[in-house]
1. Run the numbers for Ala329 and Tyr4: contour at 0.36 nm per residue of separation, minus the present Cα-Cα distance, in nm.
2. Answer with a single label: of [x] 34, 29, 26; [y] 35, 32, 20; [z] 43, 32, 20, which was calculated as semi-axes √(5λ) of the Cα gyration tensor in Å from the structure in view?
3. Run the quick spin-label model on Ala175 and Ala272: label points 7 Å from Cα toward the beta carbon, then report their separation in nm to one decimal.
4. At 222 nm, what helix-only mean residue ellipticity would the chain give, in deg cm²/dmol to the nearest 500, using -39500 (n - 2.57) for each DSSP H run of four or more?
5. Using a probe radius of 1.4 Å on heavy atoms only, what accessible surface per residue do you get for the range 290-405? Whole Å² is fine.
6. Please state the relative contact order of the range 115-161 as a whole percent: Cα pairs under 8 Å, 6+ residues apart?
7. Largest first, please: the extent of the C-alpha atoms of the range 349-449 along each principal axis, to the nearest Å.
8. What nm value, rounded to one decimal, do you get for the distance between Lys294 and Ser28 when each label is placed 7 Å out toward the C-beta?
Amino acid sequence: MYDYNNFDEGFVRNRVSQFRAQVARRISGALTEDEFKPLRLMNGVYLQLHAYMLRVAIPYGSLNPHQMRQLAMIAERWDKGYGHWTTRQNIQYNWPRLADIPDMLEALADVGMHAIQTSGNTIRNVTADHFAGAAADEIEDPRPTAELLRQWSTDHPEFQFLPRKFKLAVTGSKADRAVTKAHDIGIRIVKNDAGEVGYQILVGGGLGRTPVVGQVLKDFLPREDLLPYVEAVVSVYNTLGRRDNKYKARIKITTMENGIDKIHDLVEARFAQLRPQFSGIDQAHFADISANFKAPEFKTASLDGYHAARDADPIFRSWSDTNVDDHRANGYGIVTISMKAHGATPGDADGNQMRMIADLAEQFGHGDIRISHEQNVVLPHVHRADLPAVFATLRAHGLATANAGLISDIIACPGMDYCALATARSIPVAQEIAERFDELKIEHDVGHLQIKISGCINACGHHHLGHIGILGLDRAGVENYQITLGGDAGPDTTIGKRAGPGFAYDQIVPAIERLVLAYLDLREDESETFIDAFRRLGEAPFKAALYPEEDKTHAA
């Protein structure tokens, strides 16, 4: 991963020093909350329902063990002992005292981390595939590209006050675990017919109150053109994007209002102006960055113990089947540590769990840790011979739930428990769904099924992309939950469609249960997933399961 140089460290520490003085002025009353707001947002500090919240960037989801231990220390010293992994590969601390936040930022700077541009109308944390550098299906590791973009965008003088927040994601795999089509700019590493590696550029995707799938702006972009082209896109958006209405300010609206062809022409014209200004030093810098992401020295070891453990322990076998993916190196696997134990808050990790994961990464994972946009933690390089030991440690700490990609592996926003924007609870709904299907003991029979929950229209829980999406809203002072069906976050990203009227809080879990039981009856065989069955059959049989009383009414 990338290591800070002296310039980076000086830049971050200077920002901490500036913010410390700003916090002191706010506490003394020299600054009002309105005057302080833009200053705190530039440093990742929000004012939530009950307290300030600090959002810390984890670029492309990569951490080393030293950084993970520092996050644990910060959680225990200045928060309530835990942090929350978000869908943008950040960590959020929900309960800090404002007076402590400069010290928290100083502690982050000690390990090469910061909270700059995790809020505000600027380019946010650049995200990437959490299996980067390990996936068997990868064309190229996307992290060097993401790091180049991170350095280019951080404190970019033209892009500190965009019409709205701006999000970039990079994938090096056709599987697209970075959800590039749901980003303002999605970047896919591809090969052209000549075998050259370059980029496909997508633009205008996003969720929220107007969910839109991104469109292809450039089918193949040579590597050396990446920065000037992305700068051209953001520059066109900065000029053309609306500032009169925040709900129409994202580039997805700009693209819809102007059309992809006009956006393409404007970007190409701007690119022609910008391209000569990039002399090639960015490519030399890219080469230096890439050197920081070289693959670890993989070991060779016998797999006899691994196979013996699978034969002897069905619980280990279930976990390794569900939570371990194929790796590009022989004998290795990619371990997903589920942060979704049944009944737990999705994405939360306490200090002891963070330190345990850091220890595992050092002992068995070549010192590499990832945070996924699905709110889980990933050890990307674990030899299968070490999986029994990794599993035993995770199990002892309550983190060996075998549910990666299953119905209880739910993405959920903080909802009304924390967020000032939310109008309904998300966390309790996720917990109750997970507990219910654990009681039924059918989770593994159901197979791959993604449920995603948001507590408001802003869609931080990505509910539009859930095979089953749940959107909690306030209806005349009562929580109401709408269900969407058929969404998907894969390479052919699909926005789910609303199924019908919403459900009250105490009705939503039974509704999900009816839906899933109906799927089990409808599928052709165990190999047909929920989303495949939905695509084959359409929404009618699933809506009939959700609204049985409606069917009776029609029959009468």
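The values are calculated or read from the model by the stated rules, or taken from the named source; none is laboratory data. Being a predicted model, the structure only gives us computed values, none of them experimental. Positions of Cβ are generated from backbone atoms using ideal geometry, with glycine treated the same way; all protein chains shown enter the neighbour counts. For accessibility, only protein heavy atoms count, side chains too; no ligands or nucleic acids. Shrake-Rupley method; radii C 1.70, N 1.55, O 1.52, S 1.80 Å.
1. On the way: separation 325, 0.36 × 325 = 117.00 nm, distance 2.84 nm.
Stretched out fully, the Ala329 to Tyr4 stretch lengthens by 114.2 nm.
2. The value computed from this structure is option [x].
3. Going from the Ala175 label point to the Ala272 one covers 4.2 nm.
4. Working: 19 runs with 217 residues, N = 556.
That calculation yields -12000 deg cm²/dmol at 222 nm.
5. Numbers: 4490 Å² over 116 residues.
Per residue, the range 290-405 has an accessible area of 39 Å².
6. Values: 37 pairs, mean separation 21.2, N = 47.
Once divided by the residue count of the range 115-161, the mean separation gives 45 percent.
7. Here the Cα extents, ordered largest to smallest, are 44, 35, 21 Å.
8. Spacing of the two 7 Å Cα→Cβ label points: 5.1 nm.
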